[in-house]
Amino acid sequence: METVLIVDDDKSIRYSLKRMMEGSYTILTARNGEEALEQVRQDPPDLVVMDIKMPGRNGIDVLKEIKSIDPKSLVILMTAYGTTETAIEAMKYGAFDYVLKPFPFPR
């Protein structure tokens, strides 16, 4: 089963995404960029779904480091504060996709 790492400082987002994906994927969670990088170094997930705005290191900086560890890593960045510039920057550094929060959850 593929592994997805969910990285968000918002506990409710981590919980919601985890619940939505459970059963289809092995789910790991991290509260911040440092926890995410620790997980990626120990056992790289198949996909990282990560918030951009987090305390400490932001998602763009963490994306860059994940890509330096494994250039083939799939990372989807999400944010509630989207701008065209941020989307371009995310894609420039190798994000697989960029999504805006809030997004609808399937029922």
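Only the coordinates and a few stated rules stand behind these numbers; no lab work does. Small disclaimer: the values here were computed from a predicted structure and weren't measured. Methodologically, a virtual Cβ is constructed for each residue, glycine included, from the backbone with ideal geometry; neighbour enumeration extends over all protein chains shown.
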Exercise for review: Describe numerically, in nm with one decimal, the distance between label points set 7 Å from Cα along Cα→Cβ at K92 and at D61.
Suggested key: 1.7 nm
Review point. What residues qualify as long-range amide H neighbours of T29, i.e. H under 5 Å apart, gap of 5 or more or another chain, H built at 1.01 Å from N?
Key: I6
Check your understanding: Once you sort the root eigenvalues of the Cα gyration tensor of region 20-71 as a ≥ b ≥ c, which label holds: rounded (a/c under 1.5), prolate (a/b larger than b/c) or oblate (the other case)?
Key -> oblate
Exercise for review: Amide H neighbours of V99 under 5 Å, at least 5 residues apart or on other chains, H built in the peptide plane: list them.
Suggested key: L77, M78, T79
Check your understanding: Using a simple charge model, +1 on the beta-carbon of Lys and Arg, -1 on the beta-carbon of Asp and Glu, nothing else, what dipole does region 15-68 show about its Cα centre, in debye to the nearest 20?
Key -> 160 debye
Check your understanding: Given a cut-off of under 8 Å on Cα pairs at least six residues apart, what relative contact order in percent is computed for the chain?
Key -> 24 percent
Revision key, fill the gap. From DSSP H assignment alone, runs of 4+ in the chain each adding -39500 (n - 2.57), the sum over residues rounded to the nearest 500 puts [θ] at 222 nm at -11500 deg cm²/dmol
**Study point:** Cβ-based charge dipole, region 4-50, positive-most Cα from L37, V49, Y25
**Key:** Y25
Practice item. Multiply the residue gap between K53 and D70 by 0.36 nm, knock off their C-alpha separation, and tell me the result in nm, one decimal place. Key: 3.9 nm
Practice item. Grab the chain and count how many Lys pairs have their alpha-carbon atoms under 14 Å apart, sequence gap of 8 or more, or different chains. Key: 5
